[in-house]
Amino acid sequence: MNKIEWQAYEFEQPERQTNWFVSLWILAAALVVVAVILKSYLLAVFIIIAAAVLNIYALKEPREYTFILDAETLKIGEKEHALGEFKSFWIFERESGNVLSLEGKNILNLHLEIPLAEIDPETVRHIISPAVPEKEHNESTIDILARRLKF
């Protein structure tokens with residue numbers, strides 16, 4: 001098998017209850033009160049804007065992409081990446097679904113995570129390993145925190 005194709009959403013959409021949004025705004029209100037007590041009005045405005053952006057982003061629906069992986073390239077929608085652009089790969093096997101993690105050689109493209117949907121991780125390893133070495137990646141603290149906060 002030289003090529004695989006699958007479809008997946010750009011990110012996992014966690015199910016958020018109303019209390020998640022209420023908690024966000026309660027925390028924001030508490031931080032605004034602290035900022036006002038400290039007479040840091042610019043910080044209070046920033047907190048309100050940040051909470052609004054988080055709220056809007058939390059409501060964003062993920063787009064569905066078509067992924068195509070062959071021995072030389074990874075295509076994500078219309079964008080194509082040569083496998084030579086990547087320093088290493090790792091496959092995170094999670095309960096919510098497997099994820100292909102690619103570490104870029106270029107400093108501006110540090111990290112790419114591709115949801116594998118129902119694709120067998122061994123098939124992905126078989127295709128990608130001749131071009132990119134497999135090296136265990138550590139999940140960033142921000143990724144772990146975001147998943148725990150259902151973000």
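Readers should treat all values here as calculations from the given coordinates under stated rules, not as data from a laboratory. Predicted model, so just to flag it, every value in this text is computed and none were measured. So basically every Cβ, Gly included, is an ideal-geometry build from the backbone, and we count neighbours across all protein chains shown.
Given R₀ = 25 Å, FRET efficiency for residue 3-residue 141 by Cβ-Cβ distance, to 0.05? After rounding to 0.05, the efficiency reads 0.10. Anyone know which of 94, 125, 16 comes out most mobile in the 10 Å Cα GNM of the chain? Result for the chain, Cα springs under 10 Å: 94 fluctuates most. Fully extending the segment from residue 87 to residue 33 would add 14.8 nm, taking 0.36 nm per residue of separation and subtracting the current Cα-Cα distance. Between residue 88 and 103, the built amide H atoms are under 5 Å apart, and every one of these is 5 or more places off in sequence or on another chain. Residues in region 37-47 carry Karplus couplings, in order, of 4, 7, 6, 10, 5, 5, 5, 4, 5, 4, 4 Hz; the curve used is 6.51 cos²θ - 1.76 cosθ + 1.60 with θ = phi - 60°, and Gly or Pro positions show x.
Run the numbers on the chain and let me know its relative contact order in percent, using alpha-carbon pairs under 8 Å that are six or more apart. List each step's numbers first, then the result.
On the way: 195 pairs, mean separation 38.4, N = 151.
Here the relative contact order equals 25 percent.
Note on the chain: with charges restricted to the Cβ of Lys and Arg (+1) and Asp and Glu (-1), its dipole about the Cα centre is near 840 debye. Of all lysines in the structure, the ones whose alpha carbon falls short of 23 Å from that of residue 79, not counting any fewer than 8 places away in one chain, are 3, 60, 87, 105.
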